[in-house]
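Just below is one structure, and these are the notes that go with it.
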Amino acid sequence: MSPLSLIVSTGFANEYRWRAAELHKWADPLSDAQFWCRPYSYGNSVGHLVLHLTGNLRYYIGARIAGTGYTRNRELEFTDETRPAKAAVLHAFDDTIAMVARTAEMQSETDWALPYSADREPEASTRYAAFLRSAVHLYHHVGQIIYLCRELSKP
């Protein structure tokens, strides 16, 4: 593996792990009820955002690059009324982050430039772009989760 490819692979893997740790910093102290609470009628709960992030990464990286065979139900990520236990949702998220990090670390210089296609993605894309867009998407929603957790912890 070339030095640049190693830097990119390690950088992405670490970024995903850091964002997951940040999510846990804020979500772990929540009760199950808080995890599923929607403090704003127009927004999502922390739980639904974690389901969304898990589904997003399982599809865009897992199914489309790692070949996991995952089939996504994007709508259910935001509407699931079963409200699984917070621990189970976070465990699935952690397993997904581990898969994404492993997949990033396995990419060679040639792999980063391979064509990439997926639903809701630009026509001409690469694996590198897919990892980058997915990292930005994760960062965006972790920011929303931090905001929600601050609102939920107000006295």
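Here, each number is a calculation from the coordinates, and none is a lab measurement. Please read all numbers here as calculations on a predicted model, not as lab measurements. Cβ atoms come from the backbone with ideal geometry, glycine included; neighbour counts cover every protein chain shown.
Against the 2.2 N^0.38 Å scaling, with N counting residues, where does segment 67-155 land? I'd like the Cα-based Rg ratio to two decimal places.
1.32
So, by mean Cβ neighbours within 10 angstrom, what's the order for 45-55, 71-81 with the highest one leading?
Result, highest mean first: 45-55, 71-81.
Relative to the longest principal Cα axis of the chain, at what angle does helix 86-106 sit, 0 to 90 degrees, rounded to 10?
Its long axis makes an angle of about 10 degrees.
How fast does the chain diffuse by Stokes-Einstein, in µm²/s, taking the Kirkwood radius from C-alpha pairs at 20 °C and 1.002 mPa s?
It comes out at roughly 133 µm²/s.
Which residues among segment 43-68 fall inside the zone where the amide N is under 16 Å from a point 7 Å beyond the Cα of residue 153, along Cα→Cβ?
Those under the cut-off are 46-47.
So, in nm, how far is label residue 4 from label residue 40 when the simple model puts each one 7 Å beyond its Cα toward the Cβ?
Those two pseudo-labels are separated by 4.1 nm.
Quick one: what do you get for segment 1-62 if you divide its Cα Rg by 2.2 N^0.38 Å?
Rg over 2.2 N^0.38 Å, computed on Cα atoms: 1.46.
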